[in-house]
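Here, each number is a calculation from the coordinates, and none is a lab measurement. Just so it is clear, the structure is predicted and the values come from calculations on it, not from any experiment. Note that each Cβ is placed from the backbone with ideal geometry, even for glycine, and that neighbours are counted across all protein chains shown.
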């Protein structure tokens, strides 16, 4: 009862505050920030790929047709049906990076390293993965998670404050009394659209929520006030120049209607948010992301950018390099031992 009373008070507060009139302005430049290079403890993989990954574009090539339309920021694509087609084509383009059996290497910056293995890439299901973290203040490379061939998955944590070594831990137990508990449920398969569950922060081909919102089938819903808590979404798309290449830009405007959405950076109630993402038209990778918005008290967020590209360029390997294979073998043995004891 106490919790509901607090929620009602928050609702009255938010209603009194109201929404600001949003006038979209240029929220900031998408110029890349320079990132200092740090010597890695691993053999540089850029010199080792078996071959370049051939690019297989989806047919029909909706993205190429979109680029040729000449959409701009001042004259963007907004039609819901065409936006759904664009998201579908972008999914297919991202999936096409993984087109033959073997290992694929990608990074998020120079310190987050991911390896994915596909036996049947046409299924878009990877059957092995390893997430490595190579930060300069770590004593040695850290295995953040690993997926074994038999489907066994294990996240890790450091075994000491010195961050010299890792140990495996159980996946969190699901608490259905917590709002948004569904987002913590492990997926049934390691499909690329579930990749950010196995490797946090590196999503692929997961535009279905946006497509549902464009169809009017979904908004974020507060279970206590489902009739009044849907969000308003607006989508725009265009092309522009970024780092010497033509890129696909998708902008998402999000307006909470009677909800209690909290800005995790400011702690205030969100009035609106604006997400602008830049995608490579060659392989669908997200090159840059810019977030801005405002709280109901009038505070406008400073633009928050995501750089460098995540994921970075994708490289193919028939087999793991020897130093990576050694890390995998050790982590596999540790994970098997952990499960035998638990």
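Figures for the structure shown
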| item | result |
| --- | --- |
| Over the range 245-342 - Rg/Rh using Cα atoms and the Kirkwood inverse-distance radius | 1.20 |
| The range 65-106 - Rg and Dmax from Cα coordinates, angstrom | 14.4, 43 |
| Full-stretch length increase - residue 140, residue 157 - with 0.36 nm per residue and alpha-carbon distance subtracted | 4.7 nm |
| Sites residue 67 and residue 342, calculated FRET efficiency, Cβ-Cβ separation with R0 45 Å, nearest 0.05 | 0.30 |
